[in-house]
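Derivation of every value follows stated rules applied to the coordinates shown; laboratory data play no part. For clarity, every value in this text was computed on a predicted model and none was experimentally measured. Heads up, the Cβs are rebuilt from the backbone with ideal geometry, glycines too, and the neighbour counts pull from every protein chain shown.
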There are 2 protein chains.
Amino acid sequence: MTIKEVSEKYDLSADTIRYYERIGLIPHVPRKENGIRDFDEASCGWVEFIKCMRGAGVQVEALIDYVALFFQEGTEAARKDILVEQRARLQEQLENLQTTMQRLDYKISHYDEILKCSEKLKS
Amino acid sequence: MTIKEVSEKYDLSADTIRYYERIGLIPHVPRKENGIRDFDEASCGWVEFIKCMRGAGVQVEALIDYVALFFQEGTEAARKDILVEQRARLQEQLENLQTTMQRLDYKISHYDEILKCSEKLKS
DNA sequence: TATTGACTTCGAGTGGACTCCAAATGCTAC
DNA sequence: GTAGCATTTGGAGTCCACTCGAAGTCAATA
């Protein structure tokens, strides 16, 4: 697959994909003889994985570390540590999000009240 | 309250609080005659609100708009629209977060397996 | 053969959200 | 009154994660 196809498949700009590859998030992308990227399944898998992680706000730095460890043997524990730490971050973020959404719901219902009343007043 | 006290109370740097005030996120902070900020309850309330929203990732721009509308009458519908839109964003983010956490859980349990096996092999 | 358009690299530029700095002023303690 | 610390302003600097531009290569088409 060309970078354009991958870009469309995962809804990421080609620039972003090249950037991810450059900094080590998408390892070993195969090339044709002329140097043009020719993504195979493994590379697509990495693109999809990175997109998912970034979409949830996992830091690029942590992903760089994880991907680098992935290609060294005996680093399973270290890789797991990264995932566990990132999971904890996401858990925290999840709680923030829930609290804030409740607060927004409360405020929204408050505005609903107000708007309902001002409707009534008009009629 | 001085900015330092507010900063400690809400665990935000004084610079951040000044920045928020400057861009319009914390309106009408009272001053003493010498020009030094003297936060009252209302201002603290805004600080706390903004901290909560920012902590969940609500964009500064949306908050600026909301705060500005807050001091104009008859803008209830517009204010509500902002909150509804931001809530939708957070909902989306919540779903990303949940998907990604499940994926991390799966990967973590996979590493647990691997590490358990390599423990056994050693003994 | 000339143009069009996708691809390449490298480095620079951007946008969002802070974060820091300099210079001035003010409060408190010695 | 002067040392030392907090505060003020305005503007500059930083960090992260892209995003864009320039200059070049290559393949297909008019």
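Mind checking region A:50-123 for GluC sites (Glu not before Pro) that DSSP puts in a loop (not H, G, I, E or B) and that have at most 10 other Cβ atoms within 10 Å?
Answer in residue order: A:GLU73.
Subtract the Cα-Cα distance of A:PHE71 and A:ASP40 from 0.36 nm times their separation in residues, and report this length gain in nm to one decimal.
9.4 nm
Work out the mean other chain Cβ neighbour count within 10 Å for the residues of B:115-123 and drop it here as an integer.
1
D for the protein assembly as shown, whole µm²/s, Stokes-Einstein with Kirkwood Rh over alpha-carbon pairs at 25 °C and 0.890 mPa s: what number?
Taking Rh from Cα pairs, D becomes 113 µm²/s.
Place +1 on the Cβ of every Lys and Arg and -1 on the Cβ of every Asp and Glu in chain B, take the dipole about the Cα centre, and give the residue among B:LEU104, B:TRP46, B:CYS117 whose Cα lies farthest towards its positive end.
B:CYS117
Just want the answer: with Cβ charges of +1 for Lys and Arg and -1 for Asp and Glu, which residue in B:TYR66, A:ALA88, A:GLY35 is farthest toward the dipole's positive end in the protein assembly as shown?
A:GLY35
When the dipole is taken about the Cα centre of region A:3-122, and only Lys, Arg (+1) and Asp, Glu (-1) are charged at their Cβ, what size is it in debye, to the nearest 20?
480 debye
Return the distance in nm (one decimal) between the two label points of a simple spin-label model at A:SER13 and B:HIS28, each offset 7 Å from Cα along Cα→Cβ.
4.2 nm
Under DSSP H, which helices of chain A have Cα atoms covering 18 Å or more of the helix axis and a Kyte-Doolittle average no less than -0.5?
Qualifying helices: A:41-55.
At 1.002 mPa s and 20 °C, plugging the Kirkwood radius over alpha-carbon pairs of region B:3-122 into Stokes-Einstein gives what diffusion coefficient in µm²/s?
My calculation gives 122 µm²/s for D.
Suppose you put the label 7 Å out from Cα in the Cβ direction; list, shortest first and in nm with one decimal, how far A:THR99 is from each other copy's label.
Inter-copy label distances (nm, one decimal, shortest first): 2.7.
Sequence gap of 8 or more, or different chains, plus Cα separation below 19 Å: how many lysine pairs satisfy both in chain A?
On the way: A:LYS4/A:LYS32; A:LYS4/A:LYS51; A:LYS9/A:LYS51; A:LYS107/A:LYS116.
Counting lysine pairs in chain A gives 4.
Which stretch or stretches of region B:3-42 have amide N atoms under 16 Å from the point lying 7 Å from A:ILE114's Cα along the Cα→Cβ direction?
Once the point is set 7 Å along Cα→Cβ of A:ILE114, B:27 turn out to lie under 16 Å by backbone N, inside region B:3-42.
Per residue, what volume in Å³ does the convex hull of the Cα atoms of region B:38-106 enclose? Don't skip to the end; give the middle numbers.
Working: hull volume 6.8 nm³, N = 69.
Looking at region B:38-106, the number lands at 98 Å³ per residue.
At B:LYS122, label 7 Å along Cα→Cβ: distances to the other copies, nm, ascending?
Label point to label point, same position, other copies: 7.2 nm.
Only Cα pairs within less than 10 Å get springs; with that Gaussian network setup on chain A, which residue of A:PHE39, A:PHE71, A:PHE49 has the largest fluctuation?
A:PHE71
Report the residue, chosen from B:TYR106, B:TYR20, B:TYR66, that carries the largest GNM mean-square fluctuation when chain B is represented by alpha-carbon nodes joined by springs under 10 Å.
Among B:TYR106, B:TYR20, B:TYR66, the largest mean-square fluctuation in the Gaussian network model of chain B belongs to B:TYR106.
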